[in-house]
Amino acid sequence: MKFRSPTAQPLHVALTTGHTCVVPPEGAEIDQIFHREAISRGAIPGSITEDEKPVLATGFDRKALIAGAMNAMLEGANEEDFNKDGKPNLREVNARIGFQASREEVDAVWAEVSKNLDAGGEKTEGGATGA
């Protein structure tokens, strides 16, 4: 399937498997393994014409989705959801959110979620906790 970058700059897509690709502004065929991540990063599928105004970024908040998955993992109390160091299992987080988040991205959200839980914060919309 063909995708194009939503801006004049190429869009770099990397998977946790180590696979990478570049989506140029003029568009290019990309392998199916990149489709979900490319869309989550804002790539425009080839089936959308230049005249159409895609609404791809509205309502998609990566951070809120990751925080929501972490809160669900906490509520589930399944030991396999967390590593020995207490951090969320990256594979479990990615399975719950439906796209590939990096370890750094998950750790940053986990720092906020755990900080707010330690402070007794309440959950807010999207599963994130209030500061």
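The values are calculated or read from the model by the stated rules, or taken from the named source; none is laboratory data. What you see is a predicted model; the values in this text were computed from it and never measured. Virtual Cβ from ideal backbone geometry, glycine too; neighbours counted across all protein chains shown.
Within the stretch 1-13, how many residues turn out to be modelled with pLDDT under 90 and closer than 19 Å to residue 94 by Cβ?
Here the count works out to 0.
For residues that are polar (S, T, N, Q) and surrounded by fewer than 16 Cβ atoms within 10 Å (Cβ to Cβ), scanning just the stretch 70-113, find the one that is farthest from residue 41 (Cα to Cα). Let's see the steps before the verdict.
Residues of the stretch 70-113 polar (S, T, N, Q): 71, 78, 83, 89, 94, 100, 102.
Checking which are surrounded by fewer than 16 Cβ atoms within 10 Å (Cβ to Cβ) leaves us with 78, 83, 102.
On the way: 78: 30, 83: 27, 102: 13 Å.
Selected residue: 78.
Which condition number does residue 33 fail, the rest of (1) crowded, with 16+ Cβ neighbours inside 10 Å; (2) assigned to a helix (DSSP H, G or I); (3) at pLDDT 85 or above being met?
Only one criterion is unmet by residue 33, namely (1).
Which pairs turn up if I take residues in the stretch 7-34 that are at positive phi and look for partners that are surrounded by 10 or more Cβ atoms within 10 Å (Cβ to Cβ) with beta carbon separation below 9 Å, at least 6 apart in sequence or on another chain?
If the second residue must be surrounded by 10 or more Cβ atoms within 10 Å (Cβ to Cβ), the pairs left are 27/2; 27/3; 27/4; 27/5; 27/44; 27/46.
Would you mind telling me which numbered condition in (1) at pLDDT 85 or above; (2) surrounded by 10 or more Cβ atoms within 10 Å (Cβ to Cβ) residue 130 fails?
Of everything listed in (1) at pLDDT 85 or above; (2) surrounded by 10 or more Cβ atoms within 10 Å (Cβ to Cβ), residue 130 misses just condition (1).
Exactly one of these conditions fails for residue 59: (1) within 27 Å of residue 88 (Cβ to Cβ); (2) modelled with pLDDT of 90 or more. Give me its number.
Answer for residue 59: the failing condition is (2).
Provide a single number: the residues in the stretch 59-108 that are within 17 Å of residue 37 (Cα to Cα), in a helix (DSSP H, G or I) and under 12 Å from the mean Cα position of the chain (by Cα). Full working, then the answer.
Our first condition is that a residue be within 17 Å of residue 37 (Cα to Cα); within the stretch 59-108, this holds for 59-66, 90-106.
So of that shortlist, the ones also in a helix (DSSP H, G or I) come out as 62-66, 90-97, 103-106.
With under 12 Å from the mean Cα position of the chain (by Cα) added as a condition, the list becomes 62-66, 90, 93-97, 103-106.
Number of matching residues: 15.
Working only within the stretch 8-21, note down all residues that are surrounded by 13 or more Cβ atoms within 10 Å (Cβ to Cβ) and either outside any loop (DSSP other than H, G, I, E, B) or more than 21 Å from the chain's Cα centre (by Cα) (or both).
Selection gives 11, 13, 14, 21.
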